[in-house]
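The values are calculated or read from the model by the stated rules, or taken from the named source; none is laboratory data. On a predicted model such as this, the values are computed, not experimentally measured, just so you know. Ideal geometry is used to build each Cβ from the backbone, glycine not excepted, and the neighbour counts take in all protein chains shown.
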Amino acid sequence: MPDIQTTLRHDWSSEEVQQLLSMPFNDLLFRAQTVHRQYFDPNDVQVSTLLSIKTGACPEDCAYCPQSARYDTGLEREKLMEVQAVIEKARAAKAAGSDRFCMGAAWRSPKERDMPYVLAMVKGVKELGLETCMTLGMLDADKSERLAEAGLDYYNHNLDTSPEYYGEIITTRTYSDRLETLDNVRKAGMKVCSGGILGMGETQKDRAGLLVQLANLPQHPDSVPINQLVRVAGTPLEDGDALDPLDFIRTIAAARIMMPRSHVRLSAGRETMSDEMQAMCFFAGANSIFYGECLLTTPNPAANKDQALFRRLGINSHRHVGEAPLGLEALLNNADNEQSLFYDAAASSI
């Protein structure tokens with residue numbers, strides 16, 4: 001096996017990561033689990049909820065995205081949600097066991113007229129005692145600083161794929177645009193959430209290239225979402241070949257080894273993953289999920305299904321959020337009050 005260091009590094013090469021991804025599967029997972037245990041409790045998984053606060057009509061041409069105005073996917077366009085409606089959704093998410101509330105808007109970048117409402121959402125969600133995260137497209141330094149001042153904890157801006165393959169997926173913003181947004185976010189004092197999407201026709205070299213870009217940032221992203229492409233009718237990628245599940249798990253393992261202090265998140269695509277595949281991802285080092293039945297506009301496993309899987313795997317079994325409020329059973333699709341399976345990520349050490 002190659003001599004893969006477990007210390008924090010920012011000097012990975014594509015060839016080195018391709019060698020890592022080509023290791024015998026059992027050796028790779030053993031190495032990833034060993035690294036994971038050095039930095040995290042292997043039976044803790046952080047839980048977030050994602051809400052689309054403004055859906056559709058995005059001017060970008062991301063080939064995977066049903067929210068692009070360029071594709072006919074049958075998605076209804078929606079205006080920016082009212083602030084109080086967002087706060088009520090956050091309150092319900094907290095009652096259901098989430099500790100971080102993520103808000104996404106289908107914009108190239110937020111317009112100045114939208115900023116007062118966005119800032120009010122951040123402040124309102126923070127007052128509930130939740131961690132806050134937003135994904136609003138590109139940010140300049142000024143908007144980054146204002147979001148940080150409002151109390152935004154995390155900002156999500158994915159790199160999506162390798163620099164070499166990026167032009168096959170997106171032409172309306174550059175790779176350097178994305179890196180500049182991440183730099184603005186970090187300089188403003190917020191935590192960075194950045195990852196990519198697998199299954200878009202990329203090669204192993206491209207998956208390695210994505211991980212190199214993330215791991216070689218001056219500071220590793222605090223959260224690294226690894227998405228499996230959800231093929232949506234009407235988008236250019238609707239008829240592509242399915243990704244080998246083992247390649248997805250290999251990428252999770254490599255991300256854990258390369259960014260050992262980061263939360264590696266199973267994001268889009270979990271709806272089609274078997275319990276066994278998700279269990280292997282957790283073993284490979286994934287320790288964060290989005291919780292709830294919808295991720296922006298694509299399906300996600302039902303809350304009670306996630307709870308049942310966590311219970312079977314013994315995940316978060318020693319954590320307790322508190323007593324459920326009246327009416328929570330309906331919110332959780334009649335789950336049997338399993339909120340104790342979730343925990344407060346802010347209280348955990350990394």
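On the given criteria, is residue 56 within 20 Å of the chain's Cα centre (by Cα), surrounded by fewer than 19 Cβ atoms within 10 Å (Cβ to Cβ) and at pLDDT below 85? Considered against the rule, which asks whether it is within 20 Å of the chain's Cα centre (by Cα), surrounded by fewer than 19 Cβ atoms within 10 Å (Cβ to Cβ) and at pLDDT below 85, residue 56 comes out as yes.
Would you mind stating whether residue 261 is at pLDDT 55 or above, among the basic types (Lys, Arg) and in contact with a Gly (Cβ under 7 Å, 6 or more places away or on another chain)? Considered against the rule, which asks whether it is at pLDDT 55 or above, among the basic types (Lys, Arg) and in contact with a Gly (Cβ under 7 Å, 6 or more places away or on another chain), residue 261 comes out as no. Consider region 213-226 and keep the residues that are touching a residue at least 60 places away in the same chain (Cβ under 8 Å) and crowded, with 17+ Cβ neighbours inside 10 Å. The one that is farthest from residue 267 (Cα to Cα) is 217.
Candidates in region 154-185 are the residues that are at pLDDT below 95 and of a type in the set (Asp, Glu); of these, the one that is farthest from the chain's Cα centre (by Cα) is 168. Would you confirm whether or not region 122-133 contains a residue that is of a type in the set (Gly, Ala, Ser), over 22 Å from residue 93 (Cβ atoms) and out of contact with any Pro (no Cβ under 9 Å at 6 or more places or on another chain)? No, that holds for no residue.
Looking across region 250-290 at every residue that is part of a loop (DSSP other than H, G, I, E, B) and surrounded by fewer than 16 Cβ atoms within 10 Å (Cβ to Cβ), the one that is nearest to the chain's Cα centre (by Cα) is identified as 261.
Checked against (1) modelled with pLDDT of 95 or more; (2) buried (at least 17 other Cβ atoms within 10 Å of the Cβ); (3) part of a helix (DSSP H, G or I), residue 247 passes all but condition (2). Of the residues in region 152-162, how many are out of contact with any Asp or Glu (no Cβ under 9 Å at 6 or more places or on another chain) and either outside any strand (DSSP E or B) or not polar (S, T, N, Q) (or both)? Number of matching residues: 6.
Is it fair to say residue 241 is out of contact with any Phe, Trp or Tyr (no Cβ under 8 Å at 6 or more places or on another chain) and surrounded by fewer than 24 Cβ atoms within 10 Å (Cβ to Cβ)? When the stated conditions are applied, residue 241 passes them.
Per-residue answers, yes or no, for (1) free of Cβ contacts under 8 Å to residues at least 12 places away in the same chain; (2) crowded, with 19+ Cβ neighbours inside 10 Å; (3) basic (Lys, Arg); (4) not in a helix (DSSP H, G or I):
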{"site": "123", "(1), (2), (3), (4)": "no, no, yes, no"}
{"site": "126", "(1), (2), (3), (4)": "no, no, yes, no"}
{"site": "138", "(1), (2), (3), (4)": "no, no, no, yes"}
{"site": "144", "(1), (2), (3), (4)": "no, yes, no, no"}
{"site": "147", "(1), (2), (3), (4)": "no, yes, no, no"}
{"site": "170", "(1), (2), (3), (4)": "no, yes, no, yes"}
{"site": "183", "(1), (2), (3), (4)": "yes, no, no, no"}
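In region 115-138, the qualifying residues are those that are among the charged types (D, E, K, R) and touching a strand residue (DSSP E or B) at 6+ places or on another chain (Cβ under 8 Å), and the one that is modelled with the lowest pLDDT is 131.
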